[in-house]
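Below is one structure, written out as structure tokens; the observations come after it.
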Amino acid sequence: MENFYVYIFIILVASILQTSTGFGFSILATPFLLMIFNPHEAIQINIILSLIISCALIMKIKKDIDKHLLKKLVLGSIIGIPFGGLIYISIDISTFKIVISIILLILTLLLILNISFKSTTVRDYIIGGLSGLLTISIGMPGPPLLIYFAGTKSVKERTRATTLAFYLFIYFISLISQIFLTGTDMIIWRSSLYAIPVVFIGLIIGQVLFKHLNQKAFRIFTYILLGCTGIFLLLDSILYR
């Protein structure tokens, strides 16, 4: 029962931050879900709930989608998916935690440094490929996209809409691929079902916070959360390996 309340709290916070900051739900939820579930369960629960969030938000912002960029991201992801599948079926929990922690720490550092670079067709395909690989392997397509859009100074509305549209494709394909590769079980779907009302509550709270909170302070809070989570997972995986 205690784990259930922790699980609900994780989903609520991740949903709020998804809406109020634009950060991907998976980046915030997956590390904490590892405290309760094994890697395959955590990944599939995260993908199912992320897919629901994307479906819930996409109609409201579909007019801002950059269809040309979306096409390149999708095509690039198709190349990355098979390699991610190989990682998914072979990764153990200690290695999984180390990979997640390193990704979070690198992501936090790059976002804080606010590095700038130009968008190119080749880079669009590469980012799509990396996102596809990371989605099926660890359920986190967001890091490459966040770094890329932040570095290219993309317009916020375009970034959010294009990312959500890409998520709809990559999460669906990854979920089907994972079920085919390793199967699924009832705890994944039951846990996802319990969390759906909490997800929508979080989305509503996040929209309210987005209008009233200082976004700079909220971004700093998010960086601290990502950094601390990365450090915690890294220490946990090293000390208890």
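Bear in mind that the values in this text are calculations on the coordinates, not laboratory data. Keep in mind it's a predicted model, so treat the numbers as computed, not measured. Note that we place each Cβ from the backbone using ideal geometry, even for glycine, and neighbour counts take in every protein chain shown.
Ranked highest first by the average count of other Cβ atoms within 10 Å around their residues, in what order do 125-132, 76-83 fall?
Descending mean neighbour count gives 125-132, 76-83.
May I ask you to evaluate 6.51 cos²θ - 1.76 cosθ + 1.60, the Karplus curve with θ = phi - 60°, for each residue of the stretch 25-31 and list the ³J(HN,Hα) values in order in whole Hz, giving x for glycine and proline?
Whole-Hz 3J(HN,Hα) from phi for the stretch 25-31: 4, 5, 5, 8, 7, 4, x.
How far, in nm, would the chain grow between residue 98 and residue 155 when pulled straight, counting 0.36 nm per residue and subtracting the alpha carbon separation?
On the way: separation 57, 0.36 × 57 = 20.52 nm, distance 3.25 nm.
Fully extending the segment from residue 98 to residue 155 adds 17.3 nm.
I need the phi-derived Karplus couplings for the stretch 173-188: 6.51 cos²θ - 1.76 cosθ + 1.60, θ = phi - 60°, integer Hz, Gly and Pro marked x.
For the stretch 173-188, the Karplus-derived couplings read 4, 5, 5, 4, 5, 5, 4, 5, 6, 10, x, 8, 8, 5, 4, 5 Hz, x marking Gly and Pro.
Report the net charge of residues surrounding residue 193, where surrounding means a beta-carbon distance below 15 angstrom and charges are Lys +1, Arg +1, Asp -1, Glu -1. Show your work: numbers first, answer last.
Working: positive: 190; negative: 41, 185.
With Lys, Arg at +1 and Asp, Glu at -1, the net is -1.
For the stretch 1-76, what's the relative contact order in percent, using C-alpha pairs closer than 8 Å and at least 6 residues apart? Display every interim value, and only then the final one.
Working: 27 pairs, mean separation 16.5, N = 76.
Contact order relative to length: 22 percent.
For a 20 Å ceiling on Cα separation, which of these pairs sit above it: 62/118; 60/118; 97/153; 71/118; 67/211? All intermediate terms of the calculation are to be shown ahead of the outcome.
Details: 62/118 25 Å; 60/118 29 Å; 97/153 30 Å; 71/118 18 Å; 67/211 28 Å.
Result: 62/118; 60/118; 97/153; 67/211 exceed 20 Å.
Over the chain, what relative contact order in percent results from Cα pairs under 8 Å that are six or more residues apart?
On the way: 312 pairs, mean separation 89.3, N = 241.
The value is 37 percent.
Working out 0.36 nm times the residue gap between residue 193 and residue 4, then minus their Cα-Cα distance, what length gain in nm do you get to one decimal? Write down the numbers at each step before the final one.
Values: separation 189, 0.36 × 189 = 68.04 nm, distance 1.27 nm.
Result for the pair: 66.8 nm of gain on full extension.
Rg/Rh for the stretch 135-193: what does it come to with C-alpha atoms and Rh from Kirkwood? Before the final figure, lay out each step's value.
Values: Rg = 14.3 Å, Rh = 13.1 Å.
Rg/Rh: 1.09.
Please compute the net charge surrounding residue 53, taking Lys and Arg as +1 and Asp and Glu as -1 over other residues with Cβ under 13 Å from its Cβ. Before the final figure, lay out each step's value.
Numbers: positive: 60, 160; negative: none.
Here the charged neighbours net out to +2.
Per-residue HN-Hα couplings for the stretch 191-203, Karplus 6.51 cos²θ - 1.76 cosθ + 1.60 at θ = phi - 60°, whole Hz, x for Gly and Pro?
5, 5, 4, 4, 7, 4, x, 5, 4, 5, 4, x, 5
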